[in-house]
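Notes follow once the structure below has been shown.
The values are calculated or read from the model by the stated rules, or taken from the named source; none is laboratory data. Please read all numbers here as calculations on a predicted model, not as lab measurements. Cβ sites come from the backbone with ideal geometry, for glycine too, and all protein chains shown count toward neighbours.
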């Protein structure tokens, strides 16, 4: 048995408007003395995290010169020396020069602040000035462009720019002045979505000493003790805490990126968001799941989330939000990096990421309209009337217990299962959206020739809000049945279509509390790609599905 009933709503972000110098190292943070460390490529969230640590990525771009210049570069005469680029401040150095970079004390932009300081908390961020040999745009002071010399490998520093707000000045005393060094940074055009480093605090270890134990303790009220105990329990095991400053103008953003989605697009997107935002609000889902990050930021007001990946990535994040029961619910936007991206299409984010500027995406997340999205629970029980051989072949558990897009069985689920098994066996062959679609097409054609789902209608019973649809399903001999929550399905097709003057049905919506039930023959499935639709069976609030044999099923593209 499969029972389908409403799970409630979630907030989503619908994309709006689519429906109709001074030496840089002089300003850096102090660096501790010690042995040279391996270049770090990922953020350190442990108690040993060092503020201002660069995140080094290997680079082979020929135009990038070593940041140290000829005077301090350790391998200036070696043309083939390995180089690394910081994903956060975008400086480039030779791998052999990283230790020298620390000696001159040039750090990356700070991403947090140390706890336990007795000084008053600074509520502003300082600029992080960096020398640039190449710079786009115009000088903030004089308004003129940054003219390059004739050589592409120019060794002259033409600009000084802030890696927080992205303001840039000519490397002249008439443009970059002394007062720019200590002035507060506005964080630039995306200040509303950036999590300032002053909000993120690294908690110091408690230091037990004889002097502390002999010190006379102050009397505190029971209420205060309980509050302190609760805070300690909440932060137990976490080296970092978030202490936001509430403002109606702030819409802090958490970005979750699945680098495995969309070939190499996910990795590039991850690096671009680290450049525009605080790296500690950007999370790589291949390193760990979203739960710890959502727990850390759960008390941040006006929080927004951007899921960069396929529909499965979005469903994963929504399931964790269900588990954590955050209140109020943060809205979730989608940057489509997957193959189908039907939820992204529904919310006007498009069918795939096409190298759109990240700055533009951040504006759309900030200004996007918040809409409601229905979600549906799935409850599965084993059919006791099945023969023993069928019980052995089938499984009693679906990949997901809640679906956002659709739940289906039959032909399409069988093709999805073949794709999933092939990708698990040979992941290196599925590294692009185009190649994935080609495999889907080939698997669908093969399944069509084998006619593996031709008898589906004989082995199912469907009851919607008490109405038995089984006779109609058997009469029309459907080979695929879809329970649809959103208008889009199968990489952008619209299987419900527009009922028009058909008064028995209403136009489909993703926030009306109803699910659409649609049947397909092989002919109507093929017609989807040219604007056709399936057989509209019902709009209901609850579905009971009974199967009499093992049948392939999929939940939001997961077989």
**Prompt:** Is it true that residue 342 is at pLDDT below 90, under 28 Å from residue 483 (Cα atoms) and buried (at least 20 other Cβ atoms within 10 Å of the Cβ)?
**Reply:** no
**Message:** Every residue in the stretch 469-493 that is surrounded by fewer than 19 Cβ atoms within 10 Å (Cβ to Cβ) and within 29 Å of residue 14 (Cα to Cα), please.
**Reply:** 492
**Request:** Give the residue that is farthest from residue 316 (Cα to Cα), with candidates limited to residues of the stretch 257-286 that are in a loop (DSSP other than H, G, I, E, B) and touching a strand residue (DSSP E or B) at 6+ places or on another chain (Cβ under 6 Å).
**Result:** 261
**Request:** Quick one: which residue in 173, 195 is in a loop (DSSP other than H, G, I, E, B) and either surrounded by fewer than 20 Cβ atoms within 10 Å (Cβ to Cβ) or in the same structural domain as residue 68 (by TED's automatic domain parsing) (or both)?
**Result:** 173
**Asked** Do the conditions hold for residue 381, that is, is it farther than 26 Å from residue 7 by Cα and modelled with pLDDT under 95?
**Response** no
**residue 289 vs. criteria modelled with pLDDT under 95, out of contact with any strand residue (DSSP E or B) (no Cβ under 7 Å at 6 or more places or on another chain) and surrounded by fewer than 24 Cβ atoms within 10 Å (Cβ to Cβ)** = yes
